[in-house]
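The structure under discussion appears below in the form of structure tokens.
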Amino acid sequence: MEVKGSQRLLALERILFEETDESNQLSMKELAEKLKHAFSSETDFDPRAIKRDLEALDEQGFEIIINKGIYGKVLYSHQHRLRGQGGDSS
């Protein structure tokens, strides 16, 4: 199954929105694996294309947080999903 760029971009946005926050971040490899799973595909997702999608999402106001983990591993997240819910979730 061929995955178009717009489909990849929207799937990436959904993954970040639903699966990341202040405590949960994903590496580039994890994002690529989640995209592969989202499309039930044998397609490999190029990290350069994912990075361009992350930049496009950020430019359009879907804030992407980039942090460095241990050993310099780059981690990505979107942290707005918890804002504005009111109350403590603990």
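Below are the figures for this structure:
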quantity: Cut-off under 5 Å, modelled amide H: who pairs with Q79 long-range; calculated: I65
quantity: Förster radius 25 Å - calculated FRET efficiency between E55 and K29, Cβ distance, rounded to 0.05; calculated: 0.85
quantity: Under-5 Å amide H pairs with S27, H placed in peptide plane, nonlocal only; calculated: Y76
quantity: At 1.002 mPa s and 20 °C, Stokes diffusion of the chain via Kirkwood alpha-carbon radius, µm² per second; calculated: 156 µm²/s
quantity: Accessible surface of D44 - all protein chains present, 1.4 Å probe, nearest 10 Å²; calculated: 120 Å²
quantity: Listed residues T20, T43 arranged by accessible area, highest first, probe 1.4 Å; calculated: T43, T20
quantity: Added length on full extension, which subtracts the Cα-Cα distance from 0.36 nm per residue, N67 to V3; calculated: 20.2 nm
quantity: Nearest-ten-degree value, helix 5-19 long axis tilted from longest Cα axis of the chain; calculated: 30 degrees
quantity: Sequence of Y71, Y76 from largest to smallest accessible area, 1.4 Å probe; calculated: Y71, Y76
quantity: Exposed-site-free run, longest, the chain (rule: GluC sites (Glu not before Pro); DSSP loop; at most 14 other C-beta within 10 Å); calculated: 64-90
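The values are calculated or read from the model by the stated rules, or taken from the named source; none is laboratory data. All values reported here derive from a predicted model rather than from experimental measurement. Positions of Cβ are generated from backbone atoms using ideal geometry, with glycine treated the same way; all protein chains shown enter the neighbour counts. The protein model used for the area step is the full one, side chains on, heavy atoms only, and it has no ligands, DNA or RNA in it. Shrake-Rupley method; radii C 1.70, N 1.55, O 1.52, S 1.80 Å.
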